[in-house]
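Engineer: Mind having a look at this structure? Questions to follow.
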Amino acid sequence: MRYLIFCLSLILPMLAQAATEPSDLPDIGSPSDSVFSSIEEEQIGYMVRKQLRDSGRLLSDPEVEEYIQNLGQTLVANANAGGEDFEFFVVDDTRINAFALPGGYIGVNSGLILASENESELAGVLAHEIAHVTQNHIERRIFDSRGSSLAATAAILATIIIGSATDASASTMQGGILAAQGLAIQAQINYTRANEYEADRIGIGTLAASGFDPYGMPSFFAKLGKTNTRAPGSTPEFLRTHPSSSARIAESSNRAARFQAVVRDDTIGYRLTQERIRVRAFRSANEAVAYYRNTAYLQGVPPDPAWVYGSALALLRAGKANQAADIFRELRVGNENIIDLHSAYGLALMADGRPEQALAVFRQAVALFPRNVPLTIRYSQVLLRADEPDQAHELLLDLLNNITPTPDQARLIARAANSAGDVAEAYYYMSEYYVLNGLLPQAIQQLKLALELPGLNEFQRARFDARRDELKGYLPKEEKKKRPLTRSKRDGHLGHRQF
């Protein structure tokens with residue numbers, strides 16, 4: 001319930017401001033644009049996503065994060081996104097669900113990734129959610145409910161977001177919905193269905209244009225529908241937030257039939273991502289090991305590399321690093337182009353107490369795949385464990401000067417700099433960590449601490465001063481100190497700078 005109140009506190013002021021604007025202004029853009037500006041949309045989506053991360057709900061795994069972001073951006077490139085930025089993330093939740101937030105934030109539960117039987121099904125869900133964003137469905141719904149009270153409108157929006165993104169109890173969610181509904185319930189249901197049909201139609205086009213099987217979307221919805229029929233008491237969360245029906249499934253199948261059929265093998269990234277999530281999903285390491293032992297491939301059938309990868313990850317989780325390292329070593333033979341295998345082998349060697357061998361594996365891998373984000377992050381973590389913070393700092397500095405870092409990556413380089421004895425740079429990186437979290441006062445405070453350190457060289461002092469002045473420039477008024485940064489500002493587009 002605290003989370004519901006938090007979202008309402010963010011949304012109500014924005015809606016109140018929209019309601020009090022003069023009505024005699026010229027009509028510019030679609031009706032939905034009059035509810036939220038693009039900046040406000042981005043801030044709402046960002047704050048909800050940040051709450052998920054701060055509460056530990058996001059799955060923090062460099063390999064999984066890289067895969068889902070790459071898959072999502074592949075689809076965005078073939079969607080009519082109008083230049084809007086998108087960010088994709090995985091929620092650490094075994095329930096089958098996915099959701100779109102204002103501002104282009106798309107979340108998918110780890111349970112949905114596991115439930116998909118092929119990559120086209122997963123891509124179909126993401127394409128559907130992308131369409132919700134490009135078609136302004138959340139904003140349209142708010143606009144159409146403008147006749148209700150501001151509190152009711154805000155509560156419905158918060159309920160949609162929270163119900164899609166968290167494990168709020170059914171009673172809490174039902175209470176939020178009932179409290180908000182001075183609206184016609186049936187009209188809201190019908191409008192949601194209209195949104196779903198539109199997202200299906202547009203998403204299938206995006207799916208086909210991206211080279212995936214256009215039947216991936218309807219086939220996934222059909223499977224969920226059958227699950228619901230067999231066990232009405234355990235309706236997948238996705239069907240609660242995305243109402244389905246036989247008519248809708250038939251319509252989306254007919255839509256898919258308009259595109260050329262695609263025979264597409266799943267990428268190794270998809271299959272390895274599923275195994276990483278599967279191993280994490282077990283309550284204990286022993287259960288994970290038992291799963292792979294009990295699902296061993298038939299004798300004489302070549303084992304699937306993804307299944308072997310998962311079995312080794314299970315052994316590594318169970319503390320059997322020596323066995324895991326042997327499996328990863330053999331699995332790399334003939335699969336040298338699979339980056340994740342190099343990382344997994346190096347991590348297993350490190351866990352087995354063989355740091356020199358682990359570092360040798362990573363050195364060879366980064367030479368083959370320079371600036372690969374998950375590989376570089378894993379190598380840096382091993383360097384820190386091996387008491388080589390200077391190398392970790394240098395490696396991360398090269399990476400983060402060439403990509404937009406995540407908050408976790410900024411914090412990692414701060415840790416490396418601090419371990420290497422470069423406290424001033426550690427403060428600077430922590431400042432960027434706070435910028436990426438939209439917390440400007442804290443970012444400025446970190447730069448103040450850096451500038452107070454003795455022994456700064458002229459270049460450092462000039463750089464810290466310039467960055468502090470730059471950030472202060474975005475706080476011209478007192479009330480802005482509590483306002484989060486937009487994505488472009490958090491991502492470093494305030495001006496050229498280097499980590």
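The values are calculated or read from the model by the stated rules, or taken from the named source; none is laboratory data. Keep in mind the model is a prediction, meaning the values are calculated, not measured. Here the Cβ positions follow ideal geometry from the backbone for every residue, glycine too, while neighbour counts run over all protein chains shown.
Engineer: Taking D408, is it free of Cβ contacts under 8 Å to residues at least 40 places away in the same chain and among the acidic types (D, E)?
Structural biologist: Working: free of Cβ contacts under 8 Å to residues at least 40 places away in the same chain: no; among the acidic types (D, E): yes.
Against the criterion (free of Cβ contacts under 8 Å to residues at least 40 places away in the same chain and among the acidic types (D, E)), D408 does not qualify.
Engineer: Among the listed residues A79, A100, which satisfies the condition of being outside any helix (DSSP H, G or I), more than 14 Å from the chain's Cα centre (by Cα) and hydrophobic (A, V, I, L, M, F, W, C)? Lay out the reasoning, then the answer.
Structural biologist: Numbers: A100 fails: more than 14 Å from the chain's Cα centre (by Cα).
None of the other options fit; the residue is A79.
Engineer: Would you mention how many residues in the range 51-68 are among the acidic types (D, E) and within 19 Å of L101 (Cα to Cα)? First the steps, then the outcome.
Structural biologist: Here is the first cut: in the range 51-68, the ones among the acidic types (D, E) are 54, 61, 63, 65-66.
Now narrow it down to the ones that are within 19 Å of L101 (Cα to Cα): 54, 65.
Counting residues in the range 51-68 that are among the acidic types (D, E) and within 19 Å of L101 (Cα to Cα) gives 2.
Engineer: So, one more: Tally up the residues in the range 412-453 that are modelled with pLDDT of 95 or more and outside any helix (DSSP H, G or I), please.
Structural biologist: Count: 5.
Engineer: Filter the range 364-411 down to the residues that are part of a helix (DSSP H, G or I) and among the basic types (K, R), then identify the one that is farthest from L341 (Cα to Cα).
Structural biologist: Quick first cut of the range 364-411, residues part of a helix (DSSP H, G or I) only: 364-368, 373-385, 389-400, 407-411.
Then drop every residue that is not among the basic types (K, R), which leaves 378, 385, 411.
Numbers: R378: 12, R385: 20, R411: 25 Å.
Of everything passing the filter in the range 364-411, R411 is farthest from L341 (Cα to Cα).
Engineer: Taking the range 270-319 as the region of interest, how many residues are modelled with pLDDT of 90 or more and at positive phi? It would help to see each step written out before you state the result.
Structural biologist: Going residue by residue through the range 270-319, those that are modelled with pLDDT of 90 or more are 270-292, 305-319.
Those left that are additionally at positive phi: 319.
Going through the range 270-319 one residue at a time, the tally reaches 1.
Engineer: Let me ask something else about it. So which pairs qualify, if the first residue must be in the range 350-374 and over 12 Å from L395 (Cβ atoms), the second must be aromatic (F, W, Y) and buried (at least 19 other Cβ atoms within 10 Å of the Cβ), the Cβ gap must be under 7 Å, and the two must be at least 6 apart or on different chains?
Structural biologist: From the range 350-374, the pairs are V361/Y345.
Engineer: Given the conditions (1) under 28 Å from L359 (Cβ atoms); (2) of a type in the set (A, V, I, L, M); (3) not in a helix (DSSP H, G or I), which single one is not true for L456?
Structural biologist: All conditions pass for L456, except number (1).
Engineer: Here are some conditions: (1) at pLDDT 95 or above; (2) touching a helix residue (DSSP H, G or I) at 6+ places or on another chain (Cβ under 8 Å). I403 meets all but one. Which one does it not meet?
Structural biologist: That leaves (1) as the condition not met.
Table: residues versus (1) surrounded by 15 or more Cβ atoms within 10 Å (Cβ to Cβ); (2) assigned to a helix (DSSP H, G or I); (3) touching a Phe, Trp or Tyr at 6+ places or on another chain (Cβ under 7 Å).
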| residue | (1), (2), (3) |
| --- | --- |
| A250 | no, yes, no |
| Q260 | no, no, no |
| D266 | yes, no, no |
| L272 | yes, yes, yes |
| V289 | yes, yes, no |
| L315 | yes, yes, no |
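Engineer: Let me ask you something else. Please indicate, with yes or no, whether at least one residue in the range 61-71 is over 22 Å from V373 (Cβ atoms) and either in contact with a Ser or Thr (Cβ under 8 Å, 6 or more places away or on another chain) or assigned to a loop (DSSP other than H, G, I, E, B) (or both).
Structural biologist: First, pick out the residues of the range 61-71 that are over 22 Å from V373 (Cβ atoms): none.
The answer is no, given that none of the residues of the range 61-71 is over 22 Å from V373 (Cβ atoms) and either in contact with a Ser or Thr (Cβ under 8 Å, 6 or more places away or on another chain) or assigned to a loop (DSSP other than H, G, I, E, B) (or both).
Engineer: With respect to I44, is the statement that it is closer than 26 Å to L272 by Cβ, of a type outside the set (F, W, Y) and either at pLDDT 95 or above or surrounded by 19 or more Cβ atoms within 10 Å (Cβ to Cβ) (or both) true? Break it down stepwise before answering.
Structural biologist: Details: closer than 26 Å to L272 by Cβ: no; of a type outside the set (F, W, Y): yes; either at pLDDT 95 or above or surrounded by 19 or more Cβ atoms within 10 Å (Cβ to Cβ) (or both): yes.
Spelling it out, it is not the case that I44 is closer than 26 Å to L272 by Cβ, of a type outside the set (F, W, Y) and either at pLDDT 95 or above or surrounded by 19 or more Cβ atoms within 10 Å (Cβ to Cβ) (or both).
Engineer: Only residues that are assigned to a helix (DSSP H, G or I) and out of contact with any Phe, Trp or Tyr (no Cβ under 9 Å at 6 or more places or on another chain): list them for the range 459-480, please. Steps first, answer last, please.
Structural biologist: Quick first cut of the range 459-480, residues assigned to a helix (DSSP H, G or I) only: 459-472, 478-480.
Correct list: F459, R461, A462, D465, A466, R468, D469, E470, L471, K472, E478, E479.
Engineer: Related question: If a residue must be touching a Phe, Trp or Tyr at 6+ places or on another chain (Cβ under 8 Å), among the small types (G, A, S) and more than 17 Å from R317 (Cβ to Cβ), how many such residues does the range 336-365 contain?
Structural biologist: Of the residues in the range 336-365, 1 are touching a Phe, Trp or Tyr at 6+ places or on another chain (Cβ under 8 Å), among the small types (G, A, S) and more than 17 Å from R317 (Cβ to Cβ).
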